[in-house]
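Please read the structure below before turning to the comments.
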Amino acid sequence: MIQRFIEWSSKERLLIGASLIRVQFALILLTFFILNYGQRDLLWGPDGIWSYGNFLSSHNNGILNLFHFSASNLFFEILFHLFIVILVLYLLGIRTRLTGLLVFIFFWSFYYRNPAIMNGGMNLLRLELLYLMFANTGAYLALTPEKPVRDIMKKSLLEKMIAVLHNVAVMAVALQIILVYFTAGIYKVMGSYWQDGTAVYYALRLHEFYWPGVNDWIWNQTWLVVLASYGTILIQVMFPAFIVHPKLKYFALAGVVSMHIGIAFTMSLFFFSWIMIASEMILLNDEDYRKIKQWLRKLKELAIYFRDHKLVFRYEEEK
Amino acid sequence: MLQKAKKYFLISWVFLMWGGLLIHFALTSLYLTPNNPLKENVKFPLYFYMESLFSQNWKLFAPNPTSQNASLELTAKVWDESHRKWIVKDWVSITNETIRPIQTYRLNKNAYILDLHLKAADKFRSDSLESERIGRQMLQSIAIREAKEIWKGQRIKAVRVRAVYATIPPYEKRDQKSSEWRIERKDTGWMDYSPQKDQKEGMK
């Protein structure tokens with residue numbers, strides 16, 4: 001039993017999910033920093049709205065970050081542009097062990113330089129980047145892939161130890177996302193608006209999330225407001241139980257992905273939704289991804305079949 | 001002999017790592033629970049461990065989503081050259097101008113400026129003196145930037161911000177006009193048209 005567990009642990013797992021998360025996280029951060037490029041000084045610069053004095057006086061978890069080294073504008077500009085370069089390298093999968101570490105250090109620094117603009121999604125991203133530093137995120141979709149040794153008998157002790165660390169790290173990412181849903185669901189159960197089925201109305205009515213014409217229509221459909229409010233709690237609380245079931249996990253994932261797509265559009269929380277959906281990619285194993293690839297291939301074949309038949313049909317018509 | 005040592009080393013490593021993960025998530029789960037006697041008993045070491053690297057909060061619109069729309073209004077003392085005196089300008093809503101593009105184009109950089117407005121309004125209303133001080137400082141920074149844009153090229157002596165909190169009506173009164181919503185206001189009073197002292201000190 002112990003021997004089987006040791007062998008199971010010594011082979012890197014969830015490699016496709018880990019690589020997909022890396023690509024998604026890099027894209028999310030690149031989009032986020034490029035979107036805010038023109039107002040970077042306002043958000044993180046020494047003369048920004050979250051003043052350097054505020055940054056120094058907040059405890060920052062007692063841990064130094066890169067912004068503690070200098071308050072100069074030049075230093076800030078170097079950090080900002082360097083981070084974008086590092087993110088591109090991480091996205092391309094170049095030396096992901098090193099770039100993964102750098103992405104975490106830089107993101108940690110920017111996160112605490114101005115926590116006022118960071119939401120729950122960015123908090124999750126910060127935690128997951130920390131865990132992912134110990135995982136092999138460069139086995140797939142990488143220019144310099146970190147190829148795992150498949151044959152366990154040929155592995156050195158160090159390679160086995162690194163594999164164990166990888167498995168623990170990806171499990172940490174998975175457990176973290178499960179905890180997010182469960183905690184959010186349990187706290188919602190305690191809220192009076194969630195209990196009376198009107199919470200979604202209040203969220204849609206906040207002016208920062210308001211989508212003219214769409215949100216008004218939704219909150220005027222009583223059945224939709226109640227269904228969305230209770231459905232959110234149900235999906236979140238049941239998520240841990242569903243996700244460990246080999247078949248129900250697909251329903252759980254479809255449920256939360258649909259919920260996040262809804263949140264992205266109706267509440268304009270694109271980055272939050274994107275981070276949540278990207279994090280969920282770790283919840284499918286390599287076998288699941290291979291199955292998805294096969295389905296996609298079949299779908300493509302089907303599309304080609306229909307395209308060809310259409311062509312023949314036209315050809316006959318022309319004759 | 002060496003093989004055996006390696007084998008035991010690997011077994012120890014596996015149990016150390018998985019055991020560590022188990023303990024970490026047991027502590028994370030306890031940290032995330034609502035206040036309870038067990039959490040209270042271990043609060044100091046628990047928070048010391050969790051808040052170093054793993055601080056988190058997943059309430060996400062819980063227990064209830066906020067039921068107030070916060071916004072900022074700005075006025076300033078501007079030099080009137082024709083009357084040779086400082087005049088007080090009418091209140092201008094600066095949050096509405098920031099929100100409008102977000103409502104039209106959903107992925108919009110204004111969202112982060114808006115986050116700063118809302119965070120400043122929230123902190124300014126806090127019962128904690130420190131939070132209120134940070135909120136006021138943020139409001140001053142926002143006001144200086146906005147005033148510079150709104151009264152471009154004019155001499156400005158002081159700025160003043162009013163945080164407005166409008167309560168969303170209950171679901172059964174959802175058709176109520178926004179002019180009939182319950183409104184609360186909190187005013188910063190006049191603030192210098194220059195960054196605060198602590199901000200400058202932080203720069204040194």
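The values are calculated or read from the model by the stated rules, or taken from the named source; none is laboratory data. Predicted, not measured: the structure shown is a model, and the values here were computed from it. For neighbour counting, all protein chains shown are included, and Cβ atoms are generated from backbone atoms with ideal geometry for every residue, glycine included. Surface accessibility is based on the protein's heavy atoms, side chains included, excluding ligands, DNA and RNA. Shrake-Rupley method; radii C 1.70, N 1.55, O 1.52, S 1.80 Å.
The angle between the Cα long axis of helix B:129-150 and the main principal axis of chain B comes to about 50°, on a 0 to 90 degree scale. Summed over both chains, the area buried between A and B is near 7300 Å², taken from the accessible surface of protein heavy atoms with a 1.4 Å probe. Could you give P(r) for chain B, binned at 5 Å from zero, as whole percent values over all Cα-Cα pairs? Pair shares across the bins are 1, 6, 10, 11, 13, 12, 10, 10, 8, 5, 4, 3, 3, 2, 1, 1, 0, 0, 0, 0. Each other residue within a Cβ distance under 12 Å of A:Met118 adds +1 if Lys or Arg and -1 if Asp or Glu, for a net charge of +2. Backbone phi angles across the stretch B:45-52, fed through the Karplus curve with coefficients 6.51, -1.76 and 1.60 (θ = phi - 60°), yield HN-Hα couplings of x, 5, 5, 4, 6, 5, 7, 6 Hz in residue order; Gly and Pro are listed as x.
Roughly how big is the stretch A:2-284's charge dipole about its Cα centre, with Cβ charges of +1 (Lys, Arg) and -1 (Asp, Glu), in debye to the nearest 20?
940 debye
Taking every protein chain into account, the 1.4 Å probe leaves A:Trp8 with about 110 Å² of accessible area, to the nearest ten.
Convex hull volume of the Cα atoms of the protein assembly as shown, normalised per residue: 233 Å³. Under 12 Å from the Cβ of A:Lys291, count the other residues' Cβ atoms, weight Lys and Arg +1, Asp and Glu -1, and hand me the total. Net local charge, A:Lys291 excluded: +1. Considering only A:Leu224, A:Tyr111, A:Val244, the residue lying farthest towards the positive end of the dipole of the stretch A:2-284 is A:Val244, judged by Cα position with unit charges set on Cβ. Ranked from largest to smallest solvent-accessible area, with a 1.4 Å probe on the protein heavy atoms, B:Arg133, A:Arg40 come out as B:Arg133, A:Arg40. Rounded to the nearest 20 debye, the dipole size of the stretch A:134-190 about its Cα centre is 80 debye, using +1 on the Cβ of Lys and Arg and -1 on the Cβ of Asp and Glu. Annotation: lysines with alpha-carbon distance below 22 angstrom to A:Lys155 (same-chain offsets under eight excluded): A:Lys11, A:Lys147, B:Lys4, B:Lys6, B:Lys7. Other residues within the sphere of radius under 12 Å centred on the Cβ of B:Tyr193, judged by their own Cβ, net out at +4 (K and R +1, D and E -1).
Evaluated with a Cβ-only charge set (Lys, Arg +1; Asp, Glu -1), the stretch B:7-164 carries a dipole of roughly 480 debye about its Cα centre, given to the nearest 20. Each pair of Cα atoms in the stretch A:2-284 enters the Kirkwood radius, and Stokes-Einstein at 4 °C and 1.567 mPa s then converts it into a translational diffusion coefficient of 62 µm²/s.
Between the listed residues B:His83, B:Pro45, B:Ser131, the Cα displaced farthest toward the positive end of the dipole of chain B, a dipole computed from Cβ unit charges relative to the Cα centre, is found at B:Pro45.
Computed with every protein chain present, the accessible area of A:Trp217 is close to 140 Å² [probe 1.4 Å]. Applying 1/(1 + (r/R0)^6) with r as the Cβ-Cβ distance of A:Asn119 and B:Phe15 and R0 = 30 angstrom yields a FRET efficiency of 0.20. Could you work out how far the C-alpha centroid of the stretch A:65-99 sits from that of the stretch B:59-115, in angstrom? Their Cα centres are 32 Å away from one another. Taking all protein chains together and a 1.4 Å probe, the residues A:Ile84, A:Ile177 rank A:Ile84, A:Ile177 from largest to smallest accessible area.
Ranking A:Met267, A:Gln24, A:Gly213 by Cα position along the charge dipole of the protein assembly as shown, where only Lys, Arg, Asp and Glu carry charges on their C-beta atoms, puts A:Gln24 farthest toward the positive end. When the surface is traced with a 1.4 Å probe over the full set of protein chains, A:Leu224 keeps roughly 40 Å² accessible. Taking all protein chains together, B:Glu146, B:Glu81, A:Glu280, B:Glu172 sort by accessible area into B:Glu172, B:Glu81, B:Glu146, A:Glu280, largest first [probe 1.4 Å].
Taking every DSSP helix (H) stretch of at least 4 residues in chain A, weighting each as -39,500 (n - 2.57) and dividing the sum by the residue count yields a mean residue ellipticity at 222 nm of -23000 deg cm²/dmol.
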